[in-house]
1. Report the gain in length on full extension from residue 68 to residue 88: 0.36 nm times residue separation, minus Cα-Cα distance, nm rounded to one decimal.
2. I'd like the FRET efficiency for residue 95 and residue 260, computed as 1/(1 + (r/R0)^6) with the beta carbon distance as r and R0 of 51 Å, rounded to 0.05.
3. Would you kindly state how much longer the chain becomes between residue 106 and residue 274 on full extension, computed as 0.36 nm times their sequence separation minus their alpha carbon distance, in nm to one decimal?
4. What nm distance separates the two modelled labels at residue 46 and residue 199, each placed 7 Å from Cα along Cα→Cβ?
5. Calculate the spin-label point distance for residue 20 paired with residue 58, positioning each point 7 Å from the Cα along the beta-carbon direction, and give it in nanometres.
6. Within region 250-267, list the residues whose amide N lies under 20 Å from a label point set 7 Å along Cα→Cβ of residue 81.
7. Full-extension gain between residue 188 and residue 37, please, as 0.36 nm times their residue separation minus the C-alpha to C-alpha distance.
8. Do the alpha carbons of any pairs in 24/154; 24/46; 58/176; 24/53; 176/200 sit beyond 25 Å of each other, and which pairs?
Amino acid sequence: MAPISKRRKLSDLTSGDTNELLNKIEESRSDLDEGDEDLPDGLIDKLQELHDKLANVKHTSFSKVDPITLASLEILPGPLFLISDKRQEIEDLGLAEIPGCLLIDTTRFLISLVRGHVSAVTKAGCRILINTLLLRVVSVCPGVNIIPEFPIPKTTFNPESGKCSFSGVVDFLVTKIPTQYTEFLLSDPSLTLGRPGNIKESIMSNIFEAKRDNVWAGLSQATIAAASYCQLQGLSVIRGVITSGEQWVFFVYERHTDGTGRVLRFPQYTLGPNLEHLAFVLGLLRDSIDNATTSNLAFFTTP
């Protein structure tokens, strides 16, 4: 048996040793099937943890992200303004119906029930209202599916200050996919969406972040989730929403080729005390889902 060579600390490794080890870890990870039931629990995460430690990557969960994080990644904010004569068109889109859908009057009734009988002091209560609006949109948009608590794995960015990675769970991923793949998607969303190319057909997803109140506070978190998802999927654009169910903020994230980005946000809209803005919000929801991966804006303009 060959003698065991002297073990070294990570700090003793040369840059060449480190790069060689990083390459071996990456090769090992790419060869492993994350859906393999025989894999020891936590093995993939431990390999990633070792990889990040060797690469000196600072890791942050989505929930800890703030505007300073966006600035460090050179993700610049910008406003979007409603084109004044487009409001009626948006409302018409929100009121459009197909046979068998959740009717707008039924939707109003369900929202009234939620408002009258569900406590909204926790995020769980807010989600019931969010679910009601999402189900209305799902019912009028064939191929749209709701994936709660979708995990986005660690994604590494390379700002000038050094490498950093992010991971976390988005409250909802709303995905539009050809209807023949619906069962496959819903049975294992992480496997279906985990790697580009698992499905050859077009897939479009929206990032949804639920907040009990102060929805603006969720913009940074949702933006990093969107940026991470774009990088994992090889997308240049993704749309998203931050909402309490009553307040709605829509945004568009654009990923640049140099790794920087831009997040364009709509004004905050509310359903209104008498649901006078419900059709408008539903129209924006449908537009966001139907055009999830394009920055061509039909109803808004940039300054």
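Just so you know, all these numbers are worked out from the coordinates, no wet-lab data involved. Everything numeric here is computed off the predicted structure, so don't read it as measured data. All Cβ positions, glycine included, derive from the backbone under ideal geometry; neighbour counts span all protein chains shown.
1. Once the chain is fully extended between residue 68 and residue 88, it gains 3.4 nm.
2. The value I calculate is 0.85.
3. Extra length available between residue 106 and residue 274 comes to 59.0 nm.
4. Label-label distance for residue 46 and residue 199, simple model: 3.4 nm.
5. A separation of 3.1 nm, rounded to one decimal place.
6. 250-252, 263-267
7. Extra length from residue 188 to residue 37 when fully extended: 53.0 nm.
8. Too far apart for the 25 Å limit: 58/176.
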